[in-house]
Every structure is written in structure tokens, then in C-alpha cells.
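The structure appears below as C-alpha cells.
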Amino acid sequence: MFPLSLYDRPQPNTFIFAFIFIIGDSISPKYPDITLHKSRQLPDWSTQVPNVLSDTLRGGPLPAVFDQSKGSSHTEARVGPGVAWPGRLDPSLATAFCGSTSSLGWYWNWAPSPRRITLAGNAKLAGSAGPPGQFVAMIYNDGTDTSAIPGDSPIMGFNEPDGCEAGTQGCMSADMNAIVDQWIKKAVPFLRKGRSVGSPAPAGNTVDWLTRFFAACDARQDCVRPTFITMHAYVSTVQALKDYVTSVHRAFGLPIWLTEFTCHSFGGQSQPTTQQQVHDFMGASTKWLDDQPFIQRYSWFGAGQKQDMFAVNDFCRLQRDDGSLTALGWQYTYNRHD
């Protein structure tokens with residue numbers, strides 16, 4: 001195992017996923033029983049999305065005018081919180097996230113497409129592919145079959161291409177030019193069609209890695225920059241999260257998708273020692289994320305079963321192994337700021 005820096009973490013394998021809906025059980029005395037329904041309407045936050053047209057020119061993380069010839073002008077509407085779902089699991093284990101008052105509006109699964117549901121005796125749900133929120137595809141690495149990406153999905157770039165932790169990360173070449181070659185092959189065709197495509201999400205220092213990625217892309221006439229930044233943050237204090245996410249936004253001036261975050265550090269910060277510390281972290285961090293106009297989407301890392309945590313603190317789990325929500329899962333899904 002190689003040493004992990006402050007924001008490094010191992011990543012689940014490519015997963016396939018789909019949601020279905022059932023009646024949820026009461027998990028914690030703090031939260032009432034909630035009847036789950038097959039659909040719900042999210043608030044329209046599109047008017048809150050800033051028209052960000054700045055980025056970093058090659059040579060360093062300094063604010064600069066967005067190079068329209070190198071990037072897409074497509075802008076995604078703000079959606080907010082979602083689920084990072086390990087789709088190796090039975091889809092029924094995801095239903096607790098789908099209540100009629102759930103605040104979750106999207107999900108992703110480290111894969112280019114959702115898994116279709118096959119439910120014996122339920123013709124209405126059989127063959128469906130979605131929860132009460134939007135599926136977002138991912139180009140996991142250079143081995144991803146992009147033909148499987150749905151025609152209406154935003155797309156997330158490579159998953160931790162700089163990490164090679166035992167098959168749990170994208171693990172692409174250490175040569176940035178080789179990564180850009182794959183970006184041009186896998187992602188640029190979608191960008192040229194006007195699709196919204198996020199940057200690769202590095203395991204190491206996001207600003208340093210993406211600065212080099214953008215510089216290598218800018219040097220190629222056939223390369224197009226992403227429309228938003230995809231990033232991960234594994235820290236144990238709210239201030240560290242604010243500082244890190246803000247530094248990435250200031251460096252590149254693009255909307256942020258924080259697709260993995262939780263109250264856990266792989267790089268030397270103190271770890272939470274009580275469940276209450278994680279509840280407090282979630283409340284304060286999601287409040288801050290919801291208040292930042294440049295944060296378009298975010299997803300807490302902690303869905304699924306114990307083996308899907310990949311050494312992340314058990315205090316951060318959103319679910320028990322049977323799929324029921326922990327108290328933290330209820331907080332994230334239904335009332336995340338409290």
C-alpha cells in the first residue's frame with residue numbers, strides 16, 4: 001500500500017446500480033416513520049447557478065478568463081445532495097434513501113450506466129432504472145465503455161486516475177500526456193456534442209494535479225476542458241473541508257461537484273471519536289455546501305455495507321448491512337443540517 005496524502009482514499013470498484021421503492025422503517029427515535037413513494041419533485045434551483053466563465057490558464061492556479069476555445073459553455077443546474085451508491089448490492093438496499101420527503105436528488109455508481117431492475121411479479125417496476133433522482137454516469141478510467149452512457153446524463157470524469165490502491169481506484173498512467181490522450185478519446189466527444197462533463201477527480205492534491213492536467217490539455221489542439229470540477233475530500237474538520245473546497249474553486253473558477261466527502265482523514269488529521277462528532281460535522285458541512293452558489297452537487301461517502309467503507313470510519317456509515325438507515329443516514333437523507 002502506498003502512503004496516502006491528506007485527501008487520498010481508496011475507491012470502490014466500478015459498480016452498477018438502480019433504486020426501487022418500498023416502505024421504510026423507523027430507525028432512530030429522533031426521526032419519525034416516513035412513507036416512501038415512487039416519485040417526488042425537487043425544488044428548481046437552476047436560477048441559483050452562477051454563470052462562471054473563468055478558469056486557470058496553464059502555468060499555475062491563478063484566476064484567468066475562461067478560454068472558450070478550450071472548454072464547453074454548457075452549465076448544469078444546481079441539484080445539491082445525492083448518493084454515491086456501491087451498485088454491487090441488491091437494489092432493494094437503496095430504497096431507504098427514496099422517501100417522499102428525501103432531499104436527495106441524484107445518484108452515481110462509479111459506472112457509465114445504471115443497472116436495470118428485475119422484480120418478479122412487479123411488471124410496473126421491472127426494467128426501470130432510476131430512483132426519484134437523476135442518474136449521473138462516470139467514465140471510470142480508460143477501460144470504460146462509453147457507449148453505455150445514457151443520452152441524458154451528465155458525465156463525471158476519471159475516478160482517481162492517480163491512485164492504484166488494490167483495484168479500488170482508476171489507476172491510470174503516471175504520464176499526464178497519456179491521461180490527456182484518454183480524455184480526448186473518452187470525454188471530448190461528449191463535450192463537442194454539448195454534453196456536461198466533469199474533470200477527473202484525483203486522489204491526491206486536486207489543485208496541483210488538475211493544474212497539470214489543464215496544462216497538458218491546453219497544449220493539445222484536439223483537447224477540450226471539462227465543464228465542472230469533480231473532487232473528493234476526506235477530512236475530519238469542517239474548516240478543513242471549507243478551506244480545501246474553496247481553494248479548488250478559486251484555482252479553477254468552475255462549478256464544483258464534491259462527489260466523495262465524509263468525516264474521515266487519511267492524512268494525519270485526528271479522527272472522530274464519537275458518533276456525535278460526525279453528526280455535527282455533517283450538519284455544519286452540508287449547511288455550508290448548500291450555501292455556496294458554486295457547489296452544484298455533493299454526495300457523502302457512506303452508503304452500502306461495511307465492506308463498502310474501504311477503511312473509512314464506521315461512524316460515517318449511512319446504512320446498516322440490511323439497508324436500513326443509521327441515524328446519520330436519516331440526517332443526511334431527510335434533515336441534514338440538524
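Would you point out the residue of the range 248-265, among those that are part of a loop (DSSP other than H, G, I, E, B) and closer than 20 Å to Pro200 by Cα, that is nearest to the chain's Cα centre (by Cα)? Give the steps one after another, and end with the answer.
Taking the range 248-265 as the starting set, the residues that turn out to be part of a loop (DSSP other than H, G, I, E, B) are 253-255, 264-265.
Checking the rest, the ones that are also closer than 20 Å to Pro200 by Cα come to 253-255.
Values: Gly253: 19, Leu254: 16, Pro255: 13 Å.
Once the filter is applied, the top-ranked residue is Pro255.
Residues in the range 201-227 that are of a type in the set (Ser, Thr, Tyr) and either in contact with a Leu (Cβ under 6 Å, 6 or more places away or on another chain) or over 17 Å from Thr246 (Cα atoms) (or both): how many?
Step one: of the range 201-227, the residues of a type in the set (Ser, Thr, Tyr) are 206, 211, 227.
Checking the rest, the ones that are also either in contact with a Leu (Cβ under 6 Å, 6 or more places away or on another chain) or over 17 Å from Thr246 (Cα atoms) (or both) come to 227.
Of the residues in the range 201-227, 1 are of a type in the set (Ser, Thr, Tyr) and either in contact with a Leu (Cβ under 6 Å, 6 or more places away or on another chain) or over 17 Å from Thr246 (Cα atoms) (or both).
When both residues are 6+ apart or on different chains and their Cβ atoms are under 9 Å apart, which pairs have a first residue that lies in the range 305-334 and is closer than 16 Å to Pro91 by Cα, and a second that is assigned to a helix (DSSP H, G or I) and β-branched (Val, Ile, Thr)?
Every condition considered, the pairs that remain are Leu318/Thr333; Gly323/Thr95; Leu325/Thr333.
Identify, by number, the condition in (1) crowded, with 23+ Cβ neighbours inside 10 Å; (2) under 19 Å from Gln221 (Cα atoms) that Ile184 doesn't meet.
Here Ile184 meets the rest and fails (1).
In the range 303-314, how many are in a helix (DSSP H, G or I) and farther than 16 Å from Glu260 by Cα? Don't jump to the end; show me each part of the working.
Initially, the range 303-314 is screened for residues in a helix (DSSP H, G or I), giving 306-309, 314.
In the following step, the residues that additionally are farther than 16 Å from Glu260 by Cα were identified as 306-307.
Qualifying residue count for the region: 2.
Would you pick out the residues in the range 150-175 that are over 24 Å from Phe261 (Cβ atoms) and either among the β-branched types (Val, Ile, Thr) or surrounded by 20 or more Cβ atoms within 10 Å (Cβ to Cβ) (or both)? Steps first, answer last, please.
To start, the set of residues in the range 150-175 that are over 24 Å from Phe261 (Cβ atoms) comprises 150-152, 173-175.
Across the range 150-175, there are no qualifying residues.
Please go through the range 267-302 and pick out each residue that is outside any helix (DSSP H, G or I) and basic (Lys, Arg).
Of everything in the range 267-302, just one residue is outside any helix (DSSP H, G or I) and basic (Lys, Arg), namely Arg297.
Could you check the range 301-338 and list, in sequence order, the residues that are more than 19 Å from the chain's Cα centre (by Cα) and buried (at least 24 other Cβ atoms within 10 Å of the Cβ)?
Leu325, the sole residue that qualifies.
Answer with yes or no whether Lys242 is surrounded by 20 or more Cβ atoms within 10 Å (Cβ to Cβ) and among the charged types (D, E, K, R).
no
Quick note: the coordinates plus some simple rules give every number you see, no bench work behind them. What you are looking at is a predicted structure, and each value in this text was computed from that prediction instead of being measured. Cβ atoms come from the backbone with ideal geometry, glycine included; neighbour counts cover every protein chain shown.
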